[in-house]
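Peer 1: Would you mind keeping the following structure in view while I ask a few things?
The values are calculated or read from the model by the stated rules, or taken from the named source; none is laboratory data. Everything quoted here is computed from the prediction, not taken from an experiment. Methodologically, a virtual Cβ is constructed for each residue, glycine included, from the backbone with ideal geometry; neighbour enumeration extends over all protein chains shown. Ligands, DNA and RNA are excluded from the accessible area calculation, which covers all protein heavy atoms including side chains. Shrake-Rupley method; radii C 1.70, N 1.55, O 1.52, S 1.80 Å.
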Amino acid sequence: MADGADQADRGQGRASRLKGFVRTRRGGVLVGAATVLLAAALGTWATDSWPFSREDRYCWGSWETNSGPGFLSDTPVAGEDEGARTSEETAPTPQRPTGRCEVALRSSSTGRDGDETSRNAEITLTYGPAPKDAAERMEWIGAYLGGRAVPLPDGLPGATDGGRGLLVLPERCDTRDGRPTAVTLDSDARTSWSKGGSMKSKAGLGGVRSVAGLLVSAANRGMEAAGCAPAKPLRVSSPVLMLPEGDESSLYSGACRIKGLEFDRETSKTLEYQVGAVTSDLQSCAVRREMGGGRYFDALMVAQPRLAALFDGTTGSGAPASGWRGSGVFADAYKVVRADCAGRPVTLLMVDELAGETTPYFTAFTNAVTGRLGCPPVAPVASGGSER
């Protein structure tokens, strides 16, 4: 948010840009380029009145212009030409408790050599239930809870990696068939040049703490609109865990530093891994093929009750295979098992599309997790181990 001195420095140039703003009937606003990353102003995300009619708010009234994150800022970047921010939204209702909002930013600038730089970002917010199809749900869960995601603070059932996030809503917002409702936030941004070339860039969400605030604000507004809001609105007050370090090679150590999660020498040369969260509620490990080769597998442990509820109805009624305890399913695109561990249920997931090839890795992951949590193995120890 620009302070008084900044506004004075811009003078008449800023004023002329303001005169050029165009407001749409849906509340979209054409503004100067908004790509500055600013600190999150969490105080603006507390629930107050319901200003659907205000044109400086977006996504069911959840987010206000100049409230902190860069994508909501009206402050142009020095040297930028005119840009635009537009939005389209459908708010949830008690009769149709789903909603979607898209905020798009477009800006450009021209360098001294005549090369035009274009910046495009899209921020997508959704309110709705977890996917009904089991395979689709596993993919969806892994996308938001895996990789570099860290848990939301204050016991909120969700996670974020700073570029996307998920927050599961209270049970009173569940669908009639028992599926939890969640708010998800995604972003996609790219910078390209007229003389050729493009690269992914940041969408201006402001980091993990800012995303936590954006999710909470949207959840409070969405629940109010859908008629399932709790007596006290959700809030963010505590620090968010730091993001884990970047990808590491699995050539000389077990993936995600897990003993037994190891590969033969030739396979190791083609893989890299990402250690995600390692807490009592959430643990993740992502293994990728190097040089843009895509996923090898994602492994995930979930014990936080509302996050674990995302798996309800998908783990079957019996053991997934001989020697495993708990209930689970080994399908073509995923493996999932739920069992008691240290006094509470834990759910373990692997998304891989490699069928039986990754079963030894899932075995190693689950046994490492249960060992860390202090409970008996879920997988059969005798058949565990690694491929070498």
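Peer 1: Within segment 274-292, can you find the residues that are touching an Asp or Glu at 6+ places or on another chain (Cβ under 6 Å) and buried (at least 20 other Cβ atoms within 10 Å of the Cβ)?
Peer 2: Those that are touching an Asp or Glu at 6+ places or on another chain (Cβ under 6 Å) and buried (at least 20 other Cβ atoms within 10 Å of the Cβ): Q274, A286, R288.
Peer 1: Which members of segment 169-222 meet the condition of being open to solvent by 10 Å² or more (accessible area, probe 1.4 Å) and of a type in the set (G, A, S)?
Peer 2: Those that are open to solvent by 10 Å² or more (accessible area, probe 1.4 Å) and of a type in the set (G, A, S): G178, S187, S192, S194, G196, G197, S198, S201, A203, G206, G207.
Peer 1: I'm checking my understanding of the structure. Among residues of segment 75-102 that are touching a helix residue (DSSP H, G or I) at 6+ places or on another chain (Cβ under 8 Å) and either modelled with pLDDT under 80 or not assigned by the TED database to the domain that holds R209 (or both), which one is farthest from R209 (Cα to Cα)?
Peer 2: E82
Peer 1: Looking at this structure, is A135 open to solvent by 40 Å² or more (accessible area, probe 1.4 Å) and either part of a strand (DSSP E or B) or not assigned by the TED database to the domain that holds R295 (or both)?
Peer 2: Spelling it out, A135 is indeed open to solvent by 40 Å² or more (accessible area, probe 1.4 Å) and either part of a strand (DSSP E or B) or not assigned by the TED database to the domain that holds R295 (or both).
Peer 1: Further question: May I ask you to list pairs of residues, at least six apart or on different chains, whose Cβ atoms are under 7 Å apart, with the first in segment 339-358 being touching a residue at least 60 places away in the same chain (Cβ under 8 Å) and the second being part of a helix (DSSP H, G or I)?
Peer 2: L349/M138; L349/I141; L349/G142; V351/M138; V351/E139; V351/G142
Peer 1: Take the conditions free of Cβ contacts under 8 Å to residues at least 12 places away in the same chain and open to solvent by less than 40 Å² (accessible area, probe 1.4 Å) and apply them to G111. Does it pass?
Peer 2: On the way: free of Cβ contacts under 8 Å to residues at least 12 places away in the same chain: yes; open to solvent by less than 40 Å² (accessible area, probe 1.4 Å): yes.
For G111, the condition - free of Cβ contacts under 8 Å to residues at least 12 places away in the same chain and open to solvent by less than 40 Å² (accessible area, probe 1.4 Å) - is met.
Peer 1: Something else: From (1) without any contact (Cβ under 8 Å) to a residue 60 or more places away in the chain; (2) open to solvent by less than 10 Å² (accessible area, probe 1.4 Å); (3) not basic (K, R), pick out the condition that doesn't hold for T160.
Peer 2: Every condition holds for T160 apart from (1).
Peer 1: Another question about this same structure. Which residue, of L166, L145, is crowded, with 19+ Cβ neighbours inside 10 Å, over 28 Å from N66 (Cα atoms) and either charged (D, E, K, R) or modelled with pLDDT of 95 or more (or both)?
Peer 2: On the way: L166 fails: over 28 Å from N66 (Cα atoms).
Among L166, L145, only L145 is crowded, with 19+ Cβ neighbours inside 10 Å, over 28 Å from N66 (Cα atoms) and either charged (D, E, K, R) or modelled with pLDDT of 95 or more (or both).
Peer 1: A follow-up question, please. Got a number for residues in segment 144-164 being under 8 Å from the mean Cα position of the chain (by Cα), at negative phi and not hydroxyl-bearing (S, T, Y)?
Peer 2: Taking segment 144-164 as the starting set, the residues that turn out to be under 8 Å from the mean Cα position of the chain (by Cα) are 144-145, 149, 159-164.
The next check asks that each one be at negative phi; those that pass are 144-145, 149, 159-161, 163-164.
Right, trim to not hydroxyl-bearing (S, T, Y) and you get 145, 149, 159, 161, 163-164.
So the answer is 6.
Peer 1: Listed residues G227, G254, G204; which is in the same structural domain as P170 (by the TED database) and at pLDDT below 95?
Peer 2: Just a single option satisfies the conditions, and that option is G204.
Peer 1: Conditions: (1) modelled with pLDDT of 95 or more; (2) under 25 Å from the mean Cα position of the chain (by Cα). R295 meets all but one. Number of the miss?
Peer 2: (1)
Peer 1: Kindly check whether there is at least one residue in segment 339-348 that is touching a Gly at 6+ places or on another chain (Cβ under 8 Å) and charged (D, E, K, R).
Peer 2: Yes, because at least one residue in segment 339-348 is touching a Gly at 6+ places or on another chain (Cβ under 8 Å) and charged (D, E, K, R).
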